[in-house]
Amino acid sequence: AQSVTQLGSHVSVSEGALVLLRCNYSSSVPPYLFWYVQYPNQGLQLLLKYTSAATLVKGINGFEAEFKKSETSFHLTKPSAHMSDAAEYFCAVSEGGGADGLTFGKGTHLIIQP
Amino acid sequence: GAGVSQSPRYKVAKRGQDVALRCDPISGHVSLFWYQQALGQGPEFLTYFQNEAQLDKSGLPSDRFFAERPEGSVSTLKIQRTQQEDSAVYLCASSLISVNEQFFGPGTRLTVL
């Protein structure tokens with residue numbers, strides 16, 4: 001069965017600092033991996049996805065993530081945090097190419113300090 | 001174009017009442033998904049439709065939960081005899097069958113008193 005672990009329920013960084021949100025997955029087949037962002041009282045918005053092409057994936061708002069099979073990781077990074085990045089971030093895995101129900105991690109709340 | 005819409009946005013029910021939550025997917029999207037998001041948790045998969053066919057309902061927590069999509073467009077999630085543990089945000093998502101991105105609606109926040 002597939003699963004996702006997000007290390008750190010809360011991450012706090014200063015504005016302009018590097019953002020690193022960790023995600024490790026478990027999957028019995030080559031996975032599709034996703035990062036979603038959720039702002040208060042809103043639905044989830046896709047930041048980026050890994051679909052077995054390039055291992056370094058670039059997404060919206062300056063975010064990127066690197067798929068590392070040997071580490072079963074898909075960590076999300078952004079070189080310079082902005083106040084508007086404050087939100088809840090979810091990593092998700094799919095064994096069906098995304099055409100099935102996603103399995104989400106518990107989420108990481110990103111706090112940006114001025 | 002319009003995104004995924006859900007109604008109502010907020011629902012308060014007394015324990016034991018039945019509720020119905022509606023999802024309008026993006027026009028032309030074949031696949032439709034329901035998720036349950038408890039407070040402080042990630043979304044958990046409930047059920048999945050391809051057109052009107054319910055292909056996976058393995059995530060429905062009990063037989064009090066029922067979902068339908070009779071014409072392959074709008075979907076309704078029904079919860080019978082609501083319990084306090086049903087309090088959560090219910091998210092709907094839709095996707096094109098050949099594209100691996102799910103588009104999410106804003107959710108319905110259900111509070112059972």
A:V29-B:Q41 FRET efficiency (beta carbon distance; Förster radius 22 Å; 0.05 resolution) | 0.30
Using +1 at the Cβ of each Lys and Arg and -1 at the Cβ of each Asp and Glu in chain A, identify which of A:P114, A:L47, A:S73 lies farthest towards the dipole's positive end.
-> A:S73
P(r) histogram, all alpha-carbon pairs of chain A included - 10 Å bins from 0, percent | 15, 50, 29, 6, 0
Between B and A, accessible area buried - total, square angstrom, nearest 100, 1.4 angstrom probe = 1500
Length added when fully stretched, B:S7-B:S62, from 0.36 nm per residue minus Cα-Cα = 17.6 nm
Work out the length of the dipole vector of the protein assembly as shown about its Cα centre, built from +1 on the beta-carbon of each Lys and Arg and -1 on the beta-carbon of each Asp and Glu, and round it to the nearest 20 debye.
-> 400
Kindly give Rg over Rh for the protein assembly as shown, based on alpha-carbon atoms, with the Kirkwood expression for the hydrodynamic radius.
-> 0.97
Working from the pairwise distances between different alpha carbons, so that the mean of 1/r is found and then inverted, what is the range A:59-114's Kirkwood radius in Å?
-> 13.1
Quick one: net charge of A:G59's neighbours, Cβ under 10 Å, K/R +1, D/E -1?
-> +2
Of the accessible area of the protein assembly as shown, computed with a 1.4 Å probe and all protein chains kept, carbon and sulfur make up a percent value of 50
If the convex hull is drawn through the Cα atoms of the range B:56-111, its volume per residue in Å³ | 104
With T = 4 °C, eta = 1.567 mPa s and Kirkwood Rh from C-alpha pairs, the Stokes-Einstein D of the range B:4-98 in µm²/s is about 96
Return the whole-Å distance between the Cα centroid of the range A:34-51 and the Cα centroid of the range B:56-113.
-> 18
Taking the Cα centre of chain A as origin, sum charge times position over the Cβ atoms of Lys and Arg (+1) and Asp and Glu (-1), and report the length of that vector in debye to the nearest 20.
-> 120
Straight-line reach from A:K106: which lysines have Cα under 19 Å away, leaving out those fewer than 8 places along the same chain?
-> A:K49
Kindly report the accessible area of chain A per residue (heavy atoms of protein chains, probe 1.4 Å, no ligands, DNA or RNA), in Å².
-> 46
Across 10 Å bins beginning at 0, the whole-percent shares of Cα-Cα pair distances in the range A:2-50 come to 19, 46, 30, 5
A:S70 to A:H10: FRET efficiency via 1/(1 + (r/R0)^6), r the Cβ-Cβ distance, R0 35 Å, to the nearest 0.05?
-> 0.80
Apply the Karplus parameterisation 6.51 cos²θ - 1.76 cosθ + 1.60, with θ equal to phi minus 60°, to every residue of the range A:25-37 and state each ³J(HN,Hα) to the nearest whole Hz, in sequence, with x for glycine and proline.
-> 10, 10, 8, 8, 9, x, x, 9, 10, 9, 10, 10, 10
Let me know the charge dipole size of chain B about its Cα centre in debye, to the nearest 20, where only the beta-carbon of Lys, Arg (+1) and Asp, Glu (-1) is charged.
-> 460
Exactly which trypsin sites (Lys or Arg not before Pro) in the range B:1-81 are in a DSSP loop and have at most 16 other Cβ atoms within 10 Å?
-> B:R9, B:K14, B:R15, B:K57, B:R64, B:R81
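The values are calculated or read from the model by the stated rules, or taken from the named source; none is laboratory data. Values in this document were obtained by computation on a predicted structure and should not be read as measured data. No Cβ is skipped: glycine too gets one built from the backbone with ideal geometry, and neighbour counts run over all protein chains shown. These area figures cover heavy atoms from the full protein model, side chains too; ligands, DNA and RNA do not enter into them. Shrake-Rupley method; radii C 1.70, N 1.55, O 1.52, S 1.80 Å.
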